[in-house]
Every structure is written in C-alpha cells, then in structure tokens.
Amino acid sequence: MNILKYYKMNEDVKEPIFATDGSACFDICASIKDNEPITVYRMRNLKVQVNPINKTIRIAPGDRVLIPTGLIFDIPECHSVRLHIRSSVSLKKGLTMPNGEGIIDSDYYHQTFVMLHNASADEVLIENGERIAQGELIQTYDYAVTETENIPEQKTNRVGGFGSTGVK
C-alpha cells in the first residue's frame, strides 16, 4: 500500500480523510485565518489581497481565489496528487476549479492551495474547516515526448473530433 504523508501547518488544520470506506478520494478542507490575507483574482486579472472576517472568505461572482489548506504533502516519487472540486461545492455553490484539476508534483513541498472560481451570479462564502476539494494519489509513469516525422494514422473507425460521436 502506498502512503501519502502530510504535515499540518498548525493544530487547527483539518486532516484529509476519506469520507466513506468506498471513497476514491480524500476530502481537503479550507484553512482560513483572520490574520492571513487570501489572494483573489478579479475580472481583468486584477490581483488583490482580501482579509477574511470570522475565518470566512467572500468570493464575488467571477472571482478566482487561492484557498489555503494548511497542509503540506510529502508526495512519494513517481506520484502526484490530483485535486478535484467536490461535487456538492460545485452544484450548491457554483464553484469550479478554473484549471479543471489541480496537479501537485512530487517535488512540490509547500502549502497546498485549492484554486476556485465563482461561476455563479451570487457571492459565495467559504468558511474555515469547510470541505472544498478532494484529492487522490496517482502514480506517474516515466515517459518521453518526442517528435515524429510521420502523421499519425487512424487506429479505429472514429471520424472527427468535437461532437463527432453524437449527443445521445
């Protein structure tokens, strides 16, 4: 069994846990403090520092924000941690991850942040200790990327790209 070690930056940080015995990913919580500003990117990429109030951050419609987790992962070599938005956070609050999925490489040894985008029309609140993302340990494979002088040939009966397989 592989082991993913983590370091809690302070005693208030919630541990990453698997919510059920059948969970594929572990939950990651926000670690918000009143005395630590959070980086917010507004429209036109205006970068501002916002001070949380009552360990809560307000995310305006269209804003992108880096939510601290208070966790530093000790990722084994030949592995990465993949971060995914929790489905309930996306559905109920309208938050997404603007990069689709966060990827933490094994050589990254700083605090983990979860990048969120408010895709809703409403202001959204994130509170300290709230479960905001899920993580999974993924094995990476050693491979090379190399140029070829030959155009790749069709390998299946598929023809076309976006939408080519139909809607239903």
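The values are calculated or read from the model by the stated rules, or taken from the named source; none is laboratory data. The structure presented is a predicted model; accordingly, all values stated were derived computationally and were not measured. Don't worry about glycine lacking a Cβ; one is built from the backbone with ideal geometry, like all the others, and counts go over all protein chains shown. All accessible areas refer to the heavy atoms of the entire protein, side chains included, with ligands and DNA or RNA removed. Shrake-Rupley method; radii C 1.70, N 1.55, O 1.52, S 1.80 Å.
Tabulated data for the structure shown
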{"quantity": "Sequence of Lys14, Lys8 from largest to smallest accessible area, 1.4 Å probe", "calculated": "Lys14, Lys8"}
{"quantity": "Most positive-pole-ward Cα, Gly62, Val145, Ala121, against dipole of segment 48-168 from beta carbon charges", "calculated": "Ala121"}
{"quantity": "Estimated vicinal HN-Hα couplings, Hz - segment 18-32 in sequence order (Karplus 6.51, -1.76, 1.60; Gly, Pro = x)", "calculated": "7, 5, 9, 4, x, 5, 7, 10, 9, 7, 10, 10, 6, 10, 10"}
{"quantity": "The chain - percent of accessible surface contributed by carbon and sulfur, probe 1.4 Å", "calculated": "51 percent"}
{"quantity": "Mean separation of Cα contacts under 8 Å (6+ apart) over length of the chain, as relative contact order %", "calculated": "26 percent"}
{"quantity": "Å² per residue, accessible surface of segment 98-168 at 1.4 Å", "calculated": "83 Å²"}
{"quantity": "Amide H contacts under 5 Å for Ile132, placed H, 5+ residues apart", "calculated": "Ile28, Cys29, Ala30"}
{"quantity": "Vicinal HN-Hα couplings computed from phi for segment 65-82 (Karplus, 6.51 cos²θ - 1.76 cosθ + 1.60; Hz; Gly/Pro x)", "calculated": "9, 9, 8, x, 10, x, 10, 10, 8, 9, 7, x, 4, 6, 9, 9, 10, 9"}
{"quantity": "Translational diffusion of segment 1-133, µm² s⁻¹ [Kirkwood Rh, Cα pairs; Stokes-Einstein; 4 °C; 1.567 mPa s]", "calculated": "85 µm²/s"}
{"quantity": "Mean separation of Cα contacts under 8 Å (6+ apart) over length of segment 6-66, as relative contact order %", "calculated": "25 percent"}
{"quantity": "Theoretical ellipticity at 222 nm over the chain - DSSP helices of four or more residues, -39500 (n - 2.57) apiece, nearest 500", "calculated": "-1000 deg cm²/dmol"}
{"quantity": "Volume per residue of the C-alpha convex hull in segment 60-161, rounded to whole Å³", "calculated": "177 Å³"}
